[in-house]
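What follows is one structure encoded as structure tokens, with my remarks underneath.
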Amino acid sequence: MLLSHKTYRAPPNSGKVILGQSIPSLLDEACLRYPNSHALNQWIEGDWQSLSNQEFHTATQEVALGLLSLQLNKGEQVALLMHSDINFCIADMGSLLAGLVNVPIDLTQTIEHILFILRHAEVKALFIANLELLYQVVPYLHKAPDLKMVIVADVPSDWCVKRQQLTCQQSSNEQINTLKNEIEEIPSNLCLFIPEFHSQELLDNLFSELPQCIKLFSLEEIRRIGQTLNSENNQQLCSLLGANDLATLIYIPGITGEPQGVMLTHENLSANALAMFTGIPNLKVGAQEIVLSFLPLTHVFARVLLYGHINYGHSVYFSNPNQVTKHLREIRPTIFATVPLFLEKIYSKILEQGSKTTQKLKLNWHSFHEQRLANSEGVKTKKLKLLSPLSYSILNWAFNFAQKYELGQKQQLRHTLMLQLANRLVFSQWRAVFGGRLRYLICGGAALKAEIANLFAAGGMRILQGYGLTETSSALACNRGKFNRAGTVGVAIAGVEIAIAQDREILTRSPYITQGYYKNPDATQQLIDSDGWLHTGDLGEFTSEGFLKITGLKKSRFKLSTGKYVTPLPIESKLKASSLVANAVAVGSERKFCAMLIFPNLDALQSYALSIGISQEDTVTRRRGDAVTGNFLVSSSPLIPKGDSEFPLSPRPNVPASLPQWSPEVLLKHPCIIALYQALVDEANCHLPYWSTVKRFQLINASLTVENGMLTPNQQVNRTKVAQVFAQEIEAIYKDKERRGRHGDGETQGRGDREIDIFSCPVIPTVSCPAFAKSLNS
């Protein structure tokens, strides 16, 4: 039920609703209206290589016809395990033009999740970026029974040799030379060799089916096949597409951790892109706008933006997280889309550099005065000007002024003049980080702090912060033009309705919302109610001006500031399976990484401490270089107790039968206890993508109960209450400071500066996480 009957929609003249278009039709329009010889650009071997939108159009037609000629039928699924580059664009648009449903897979997924997606979506063809990625997944492809072919996008010059090695266990030199001589022929009868089939695991299973024949092609070969077909086939491609046809399945973490596929149609994606772009004031077309793209195209946010850029004929330059800072200065884009974490890093550097420069100016100025007193000639006048108190004052004044700026508030004439002055003296240097000509700085994927939005706006870079879900085809609200307020996610885009439920959950309806979750009608029914309202799982409110603010979470799943989803329940359940853990609560919404609050079972922990002979004298701090003595006998038995099992560690010799009980405060700070819980966390992290793993944790002496409000009556964790009560502990986890001890990113307590002496603790068996349970090495 709605909190009120008021429904919020887009303000007048802030975007258009354009329905009935397929995604390939967006490219068709661009080729006719805004031909661009540098539509798509990629850094290859030390230079930017370009593709015109007409060449891109031709390439997608070739891929579409090539796929259909290989017995792929309209509506069947093809997966994209690729980098975010031109090849992704060609595979994406080509498969869509063929009427296929593509399934982009995040390169940071674990191999077992990739296999789940291939099976669940019944994928028939797999586009893969290169041979390095193929080598990682090929031993497991027998677990994808519907897979018919693999298409490698980027192949080496000796591709025919590599293919022979991948399709046959052994090949004679004569066979290889034959392939070299007949390189123009595309072999279609070679099956991918799967070494895993010969593993003991499958040999033991005598009733397992033989793996199917998986054919192997390069992307270039698929295009060559398409080139042989006549132009009549090209004209028929678009006519076969319907706007309401399913275009893509985007898999996101489900509540239980198992991926679930979000179904989106051509119209969902195309209409969302057009609603966003028509709502951006003064957005130019063609090569007048230069775009730098580094976000993963496997995510709906970057992908829908790309469709908009394609339709508007913009020049898109593809970068990556390792080179984006360099490419910003080189390309000098007019449009740049990012996630909050990137802006947080820039913001932190501004703060850090301002502080360092201030201190340096102060020290140099004092040094100058000392030299002038000692030497009547002093220093050069030029150095005096650069290091004068005036320089320090200007920098300090500009920075303080920027921090006080409030986006959307009318400025008095005096403040406007001051802003212009600060802009010339200081803020232009900030903009230079982004190339100096940025017109639109788009931010999405997670919430952005208000102080960052205000500071960037003062510096002449107004951030277009938006909000949306994969299930809403990206944006449902966005700050833009005069409708821009810090600390909010803006106003609804054209075609979107937003309402607030009685429990403060954000609800939305629009032509852009998903058809549901693939093969999961129960989850779909929970997502979309009988009145068509999609339940976002986020809590929010509207300001008096009609701007949407995100105030919290109703669902357990949350997003990091990187835009990645974290599903807490699976890893919390793994930790709670140990008798040493009474409760565990994952935190990290809008933060850089996932962390965990662990509430130990103190009775079990006291027993463990006694069993391994920890005494009060073990709390003495050992500094680096101190002598190390072995206090514990090493046991080959597992250290981590499960359920009601006994603790198998051998106690210290000559330990009294009865030791005094530890105080919880002291016990939870003991390095051996911290190491024990680190081992538990390491084990729980297995089978998770690296960005979803727990990087740090905090041991807390407290209980979660219904009486104190931290458990609901049905024994579920009240995450909002926990976050409020332990806000200080959570904040301590995320403080950027030097972390000591052997745990690295897994450092736990953040209290004191004691180093963990690994030689004074029992040997903790290393948890072996199999290769298929880890993220790809991309």
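The values are calculated or read from the model by the stated rules, or taken from the named source; none is laboratory data. These numbers were taken from a predicted model, which means no experiment stands behind them. Neighbour counts are summed over all protein chains in view; Cβ atoms, including those assigned to glycine, are modelled from backbone coordinates with ideal geometry. Heavy atoms of the whole protein, side chains included, go into the accessibility calculation; ligands, DNA and RNA do not. Shrake-Rupley method; radii C 1.70, N 1.55, O 1.52, S 1.80 Å.
A few comments on the model shown:
- Residue pairs whose Cβ atoms lie under 8 Å apart, sitting 6 or more positions apart in sequence or on different chains, and linking a residue in the range 23-42 that is more than 17 Å from V291 (Cα to Cα) to a partner that is open to solvent by less than 40 Å² (accessible area, probe 1.4 Å) and β-branched (V, I, T), are P24/T60; L26/I310.
- Unique match (being within 28 Å of Y140 (Cα to Cα), free of Cβ contacts under 8 Å to residues at least 60 places away in the same chain and hydrophobic (A, V, I, L, M, F, W, C)) among V101, V78: V78
- Residue within the range 92-99 that is surrounded by fewer than 22 Cβ atoms within 10 Å (Cβ to Cβ), modelled with pLDDT of 95 or more and closer than 29 Å to G257 by Cβ present: no
- Selection over the range 444-475 of residues that are closer than 16 Å to R303 by Cβ and either hydroxyl-bearing (S, T, Y) or modelled with pLDDT of 95 or more (or both) gives a count of 9.
- Qualifying residue in the range 731-745 (condition: modelled with pLDDT of 85 or more and open to solvent by 50 Å² or more (accessible area, probe 1.4 Å)): yes
- Looking only at the range 271-295, residues that are surrounded by 24 or more Cβ atoms within 10 Å (Cβ to Cβ) and farther than 20 Å from N36 by Cα come to 6 in all.
- Residue within the range 582-589 that is of a type in the set (V, I, T), in contact with a helix residue (DSSP H, G or I) (Cβ under 8 Å, 6 or more places away or on another chain) and either at pLDDT 95 or above or at negative phi (or both) present: yes
- Of all the criteria given as (1) under 23 Å from P281 (Cα atoms); (2) under 24 Å from the mean Cα position of the chain (by Cα); (3) among the hydroxyl-bearing types (S, T, Y); (4) crowded, with 22+ Cβ neighbours inside 10 Å, the one not satisfied by Y440 is (4).
- Out of Q49, Q109, Q21, sole residue that is under 20 Å from A153 (Cα atoms), surrounded by 19 or more Cβ atoms within 10 Å (Cβ to Cβ) and among the polar types (S, T, N, Q): Q109
- Hits in the range 658-708 - residues which are part of a helix (DSSP H, G or I), open to solvent by 30 Å² or more (accessible area, probe 1.4 Å) and at pLDDT 90 or above: D682, E683
- N87 closer than 23 Å to V137 by Cα and surrounded by 17 or more Cβ atoms within 10 Å (Cβ to Cβ): yes
- Here A243, A275, A271 are screened, and the one residue that is more than 11 Å from Y512 (Cα to Cα) and not aromatic (F, W, Y) is A243.
- Of all the numbered requirements in (1) assigned to a helix (DSSP H, G or I); (2) open to solvent by 20 Å² or more (accessible area, probe 1.4 Å); (3) in contact (Cβ under 8 Å) with a residue 60 or more places away in the chain, Q236 misses one, and that requirement is (3).
- Beta carbons closer than 7 Å, at least 6 apart along the sequence or on distinct chains, pair a first residue in the range 534-556 that is crowded, with 20+ Cβ neighbours inside 10 Å with a second that is acidic (D, E) and not in a strand (DSSP E or B) for L534/E471.
- Of the strands (runs of 3 or more DSSP E) lying entirely inside the range 492-573, the ones with 1 or more residues being more than 21 Å from the chain's Cα centre (by Cα) and closer than 24 Å to H266 by Cα are found at 497-500, 505-509, 534-542.
- Any chance I255 is assigned to a loop (DSSP other than H, G, I, E, B) and either surrounded by fewer than 21 Cβ atoms within 10 Å (Cβ to Cβ) or touching a helix residue (DSSP H, G or I) at 6+ places or on another chain (Cβ under 8 Å) (or both): yes
- The residue that is nearest to R462 (Cα to Cα), among those in the range 402-424 that are of a type outside the set (V, I, T) and at pLDDT below 75, is Q411.
- Selected residue (criterion: modelled with the highest pLDDT) from residues of the range 590-607 that are small (G, A, S) and assigned to a helix (DSSP H, G or I): A604
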